[in-house]
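Read the figures in this text as sums done on the coordinates, not as results from a lab. Computed from a predicted structure; not experimentally measured. For neighbour counting, all protein chains shown are included, and Cβ atoms are generated from backbone atoms with ideal geometry for every residue, glycine included.
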Amino acid sequence: MSTPEVSSSRVASGKEMYDRDGYAIFRSAISPELVQEARNHVEWLQQQHPELRPEQFGHTLVADDPFWVRLISDPGLLDIAEQFVGPNMALFASHYIAKPPFDGKPVLWHQDGSYWPLEPMEVVTLWLAVDDSTPENGCMRVIPGSQTMDLQQLQINSEVESVLSSEIDPSLVDASQAVDVILNAGDVSVHHPNIIHGSEANNSPRRRAGLTIRYIPTTTRILSDEPWPCALLLRGEAVPGVNSYVARPRYIESKHMSFAGCESWT
Ligand SMILES: O=C(O)CCC(=O)C(=O)O
């Protein structure tokens, strides 16, 4: 059972902290065995996709990857997400942002919701620490309370090499208020689609891999002319007429990473 972060003189529930600060932390959200499999998964993806930077293992890969779907469906993660989006929930997107040692790109300050075709903007992100995540290896940084700002237009920034190549207008960011989200592997931070957040480059000798998972309630519509590649119904009921969901992938030994329980995915 994961525990929310201690806040001031008493334990604030994760939901209380999220409502106040726009983010919350849950310790030991998944088992150490599953964390190890997630680490193996990052390495396996690197072997399968040498053409991609490891900060860019994105959601077009999810629907044909049984381990990825098994991971984001873990009850430890869904129980946390349910506190924020309710019992009927689906996946909107998921990305590994694995910053390699000495060469990990920064993520410039941004609000997630500025990028997303969702209506309404009811969505929560769980950021699962696959490696320990610290200021040295480029942990996520958030500006507590900034989730009350409306979503802003993005700006392209091609001067700095970064994961997103875009950012919020820097004049709207008071970086002196930023807080490092320091996590051990297996911990999860949760953040609001409007909160201003980002992360520094990884210049350290240690990799920093995290998995972003964006959960929506099944009442949130994904506005897309094309079928959305990783819309998966994860818990509860779909709402008729809102979103088409893709089938869960089947495990094929010659094609997919093996994992505990993969035989029940055939
Ligand atoms: O992994 C990071 O450093 C940033 C994550 C992020 O921007 C996000 O989850 O939206």
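State the Cα centre-to-centre distance between segment 85-158 and segment 44-70 in whole Å.
18 Å
Using each residue's phi in segment 212-225, evaluate 6.51 cos²θ - 1.76 cosθ + 1.60 at θ = phi - 60° and report the 3J(HN,Hα) Karplus result to the nearest Hz, with x for Gly and Pro.
8, 9, 9, 9, 10, x, 6, 7, 7, 8, 8, 8, 8, 6
Place a +1 charge on the Cβ of each Lys and Arg in segment 125-176 and a -1 charge on the Cβ of each Asp and Glu, then give the dipole magnitude about the Cα centre in debye, rounded to the nearest 20.
Dipole magnitude for segment 125-176 comes out near 140 debye.
Loop only by DSSP, 11 or fewer other Cβ within 10 Å of the Cβ. Give me the GluC sites (Glu not before Pro) in segment 26-106 that pass, ordered by residue number.
51
Could you give each residue of segment 156-170 its phi-based ³J(HN,Hα) in whole Hz, using Karplus coefficients 6.51, -1.76, 1.60 with θ = phi - 60°, and x for Gly or Pro?
6, 10, 9, 7, 9, 6, 8, 5, 9, 6, 8, 7, 6, 3, x
Write out the GluC sites (Glu not before Pro) in segment 161-220 meeting two conditions: DSSP loop, and at most 14 other Cβ atoms within 10 Å of their Cβ.
161
Please give the charge dipole size of the chain, origin at the Cα centre, charges +1 on K and R Cβ atoms and -1 on D and E Cβ atoms. Round to the nearest 20 debye.
Using only the charged Cβ atoms, the result is roughly 420 debye.
Can you pull the one-decimal nm distance between simple spin-label points at residue 165 and residue 237, each 7 Å off the Cα toward Cβ?
Taking the two extended label points, one gets 4.4 nm.
List, in order, the whole-Hz ³J(HN,Hα) value for each residue of segment 242-250 obtained from phi through the Karplus relation with A = 6.51, B = -1.76, C = 1.60 and θ = phi - 60°; use x for Gly and Pro.
In residue order, the calculated couplings are 10, 6, 10, 9, 8, 6, 5, x, 9 Hz.
Which trypsin sites (Lys or Arg not before Pro) in segment 27-134 sit in a loop by DSSP (not H, G, I, E or B) and have at most 15 other Cβ atoms within 10 Å of their own Cβ?
Working: sites: 27, 39, 70; in loops: none.
Counting only loop positions with at most 15 other Cβ atoms within 10 Å, none of the trypsin sites (Lys or Arg not before Pro) in segment 27-134 qualifies.
State the extension gain, in nm to one decimal, for the chain segment bounded by residue 156 and residue 56, taking 0.36 nm per residue of separation less the distance between their alpha-carbons.
Contour length minus the Cα-Cα distance gives 34.2 nm.
Please report, in debye to the nearest 20, how large the charge dipole of segment 155-237 is about its Cα centre when each Lys and Arg carries +1 at its beta carbon and each Asp and Glu carries -1 there.
440 debye
If you wrap a convex hull around the alpha carbons of segment 21-248, what volume per residue comes out, as a whole number of Å³?
Cα-based convex hull of segment 21-248, divided per residue, equals 123 Å³.
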